[in-house]
Structures are given as structure tokens and as C-alpha cells.
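Report on one structure; see the data block that follows.
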Amino acid sequence: MATTCLPGRGAVGLGVSLASVFLLAALVSAGCSSPVEQPRPHSEAAPAVIPEDRFKACLETYAGRYTAETPLESHRRAVRRQTLRLLRDWNASLTTEFLHTRHKPIVESGTWRCDGTLAHALLTASTKGPERDEFAFQFQNGWLIATSYDRKLHGTQGIRLRKD
């Protein structure tokens, strides 16, 4: 099997034919020496970049630990406890526990940012595997309310968290 280099793709395999041999020779003489690229394993979310000074007030407003307990729609006695941490280094985590059930807790992690009126969390790693779980939160009357979230993952009851 011959290999060739495609822009942005590294070396890839080709069936051996006379045309591929000539193509390989042309690419090698053009300087293609990158090895076959392997898919990168999913890693922890990249460290957040601390925003400009104008977001410091937002950091003071939103950074902290928040919790909520809501009944699970699928179990009569079960309760879902969610703990959201918006850290001062712009990292975030959401732990979801299912009390009075056999379900294991789910821990999601990622980063968060602020746009001046809303806090946005992007959680990209989970105990269940890689994911992309996005939220937007706003303070309303002492509660942190999710104004945007995946209702298939988190239910239709809404997410209202109280600062600890």
C-alpha cells in the first residue's frame, strides 16, 4: 500500500497502482513527510482563558456553588440533586445525583464564561464519556435560572439553583 499526503490530513493510504506510484513520488519530492494522523483521544476541557476586566463584575456575580433538588418524573420517591460549580478560574462542573435510586452520579466538567447579562457553561467531559452540554443562566430573584439547556438531557421541569 502506498501513502500520500493530503493538505491538513497527513499521510493516507492508496491502492498501489502506477498512477499512485507517480503521485507518491511527486508528493515525496514536494516534502510530504508527515506520518499517518491518528484520531486524538478525548481529553479534559481546555483551560479557560480569563476574560477582560469588564467581566470581573460578572465573575463576582456568578462564581460559586449552586444546588437544587427536584423530583424525578420517572420515579415516585426519587429526587435529582444537581450541584453546579462555577469556579473563579472559569472552569465549571455539574454533578447530578439520583437520590433513592440505583443510578450512579453523573459528573460533567468544562468551562464557563459571561457575556455581561448571562453566564454560559459548556460541559464537554462526563463520567459517561465525551459530550457537549450547553447552558445559559441568569439571576432572577436570588435564583440561578437556566434560560437555555438541553431538555432531553435535563427534563422539562426547568433548572433553578440556589447559591450555597
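Read-outs: derived from the displayed coordinates by stated rules, not from any lab. Every value quoted in this text rests on a predicted model; they were computed, and no experiment measured them. Every residue, glycine among them, receives a Cβ derived from its backbone with ideal geometry; neighbour counts consider all protein chains shown.
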Ala136-Asp164 pseudo-label distance in nm [points 7 Å out on the Cα-to-Cβ vector]: 2.8 nm
Per-pair calculated FRET efficiency, R0 = 30 Å: Thr61 and Lys104 via Cβ, rounded to 0.05: 0.35
J(HN,Hα) series, the range 89-102, from Karplus relation 6.51 cos²θ - 1.76 cosθ + 1.60, nearest Hz, glycine and proline x: 8, 6, 8, 9, 8, 10, 10, 10, 10, 10, 6, 6, 9, 9
Column: log10 I(q)/I(0), Debye, Cα scatterers of the range 85-164, q = 0.18, 0.21, 0.25 Å⁻¹: -0.79, -1.08, -1.44
Listed peptides 131-138, 91-98, 74-81 by packing density, highest first (mean Cβ within 10 Å): 91-98, 131-138, 74-81
